[in-house]
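Written out below as structure tokens is the structure these notes cover.
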Amino acid sequence: KRFILKFCLFLLPLVAFFGYIEYKLAAMPNTYSQKRADLERQLSDIQILVLGPSHALHGIDPAQFSPPGSHLAPARPPIFYDKALTLRYLDRMPALRLVIIPISYNSLYTQLDDSKESFRCWFYSKYWGIDGPDMPKLDLRRYSDIALYTPQTALEFLLKGFKLDLLDVRSSNGYLR
């Protein structure tokens, strides 16, 4: 009993420390959380939805459309995520008339989980609720922000007081300026 009590007392500060880091990481806005919040704020008004690769992210400004539009193109999404994002919100966009998904050559054969940016799959899972085709169910990144950002990055955020800007410079309609 005494050993268990001492062990629990030893673990208590560690659990509190890691719990604090998890809490602060979850509260930090990032590109994925901000894009989702911006989109959900204007769902009922969107008539044109733009998705697609970085060409669309940097090249199509929904503010130039006469009906209200929004840009949902995140960084480097394969067609799988474009489709999943569209289907996720289709029923909640009653005014939607047009979906633009530019296709580049890379879009036809690229899978995010096979690329050097496969970490983005976990951000899609956490912030959009979309799991990639081959994502394991028992992966720590699914349940821990420390694992999601990596322990080294989480430590860097902690040392900087969690005062980092993880947002791209975007307009509220999702266009990357």
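Just so it is clear, none of the values below were taken in a lab; they were calculated from the coordinates. All figures in this text were calculated on a predicted structure; none of them were measured in a lab. For neighbour counting, all protein chains shown are included, and Cβ atoms are generated from backbone atoms with ideal geometry for every residue, glycine included.
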Toward the positive end of the charge dipole of the chain, about the Cα centre and with charges on Cβ (Lys, Arg +1; Asp, Glu -1), which of ALA147, PHE17, ILE60 goes farthest?
PHE17
To the nearest 20 debye, what is the magnitude of the charge dipole of the chain about its Cα centre, counting +1 on the Cβ of each Lys and Arg and -1 on the Cβ of each Asp and Glu?
660
Do the sum for the chain: with -39,500 (n - 2.57) for every DSSP H run of n ≥ 4, divided by all residues, what is the mean residue ellipticity at 222 nm, to the nearest 500 deg cm²/dmol?
-14000 deg cm²/dmol
Segment 21-92 versus segment 101-117: alpha-carbon centroid distance in Å:
17
Taking Cα pairs closer than 8 Å and at least 6 residues apart, the relative contact order of segment 1-134 in percent is 25
Let's test the formula: R0 of 35 Å, r as the Cβ-Cβ distance of LEU138 and SER54. What FRET efficiency results, to the nearest 0.05?
0.65
If each of LYS83 and ILE103 carries a label point 7 Å out from its Cα toward its Cβ, how far apart are those two points in nm?
1.1
Within segment 3-47: Cβ-based charge dipole about Cα centre, in debye rounded to nearest 20 (Lys, Arg +1; Asp, Glu -1)
200
One finds, for LYS116 and ARG92 with R0 = 25 angstrom and r their Cβ-Cβ distance, a FRET efficiency to the nearest 0.05 of 0.15
Residue separation times 0.36 nm, minus the C-alpha to C-alpha distance between GLN64 and PHE162: what's the value?
31.7 nm
Amide H neighbours of GLY69 at under 5 Å, excluding residues fewer than 5 places away on the same chain, with H built from the backbone geometry, are GLN47, ILE48
